[in-house]
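Worksheet: the structure to be examined is printed underneath.
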Amino acid sequence: MTIKVGDRIPDATFTVFGEQGPEPVSTVQLFPGKKVALFAVPGAFTPTCSAKHLPGFKQHAADLKAKGVDAIACVSVNDVFVMKAWGESQGVGEDVMMLADGNGAFTRAIGLELDGSRFGMGQRSQRYSMIVDDGVVTELNVEQGGEFKVSSAEYMLAQL
């Protein structure tokens with residue numbers, strides 16, 4: 001069942017690259033008491049994800065925060081080392097939290113998985129963005145097919 005507006009974010013654990021290396025971070029730690037701009041990509045270092053999706057959120061980080069967003073987070077079904085390298089290559093710094101959903105547990109829990117097997121990518125996440133306010137989804141923007149329209153930072157800015 002796919003998550004929808006009004007639903008609470010399920011309990012799940014991501015991995016982030018902290019000062020001591022890979023560290024778990026749970027949805028219980030990330031979402032309570034905050035407005036989070038969360039977006040997901042099918043894969044780190046892939047063309048649209050690297051040329052448009054992640055750069056848009058980096059570029060508009062200050063604009064999103066000016067509209068009340070406390071944190072911006074990128075999710076991908078990639079391992080934490082790939083997410084770290086991708087974040088560094090894109091220069092996201094502290095602007096975008098890079099969340100590795102390595103086994104796809106969060107992605108499956110919200111029902112937004114994508115079978116990329118025909119491209120040699122295995123199970124991945126659909127491309128989407130959502131606004132999560134105190135753990136509750138207030139906006140959800142899921143792309144259709146290979147499009148990149150409604151999950152962009154610019155589209156999200158217009159929703160805030």
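The values are calculated or read from the model by the stated rules, or taken from the named source; none is laboratory data. Because the structure is a prediction, the values reported are computed rather than measured. Methodologically, a virtual Cβ is constructed for each residue, glycine included, from the backbone with ideal geometry; neighbour enumeration extends over all protein chains shown.
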Worksheet item: If you take the residues in region 44-92 that are touching a residue at least 40 places away in the same chain (Cβ under 8 Å), within 26 Å of residue 120 (Cβ to Cβ) and of a type in the set (Val, Ile, Thr), which one is surrounded by the most Cβ atoms within 10 Å (Cβ to Cβ)?
Response: 77
Worksheet item: Going through region 115-142 one residue at a time, which ones are surrounded by 21 or more Cβ atoms within 10 Å (Cβ to Cβ) and either without any contact (Cβ under 8 Å) to a residue 24 or more places away in the chain or touching a Pro at 6+ places or on another chain (Cβ under 9 Å) (or both)?
Response: 124, 125, 127
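Each row is one residue, and each column tells you yes or no for (1) in a helix (DSSP H, G or I); (2) of a type in the set (A, V, I, L, M).
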site	(1), (2)
49	yes, no
53	yes, no
57	yes, no
63	yes, no
69	no, yes
74	no, no
78	no, no
85	yes, yes
89	yes, no
Worksheet item: Of 95, 101, which residue is closer than 24 Å to residue 121 by Cα, touching a helix residue (DSSP H, G or I) at 6+ places or on another chain (Cβ under 8 Å) and not small (Gly, Ala, Ser)?
Response: 101
Worksheet item: Quick one: is residue 115 at pLDDT 95 or above and not β-branched (Val, Ile, Thr)?
Response: no
Discussion item. Out of 24, 32, 10, I need the residue that is in a strand (DSSP E or B), over 21 Å from residue 149 (Cα atoms) and modelled with pLDDT of 95 or more. Which one?
Written reply: 24
Response to the item:
Output for Cβ contacts, cut-off 7 Å, separation at least six or different chains, first residue more than 12 Å from residue 82 (Cβ to Cβ) and in contact (Cβ under 8 Å) with a residue 60 or more places away in the chain in region 98-113, second acidic (Asp, Glu) and not in a loop (DSSP other than H, G, I, E, B), reads 107/113
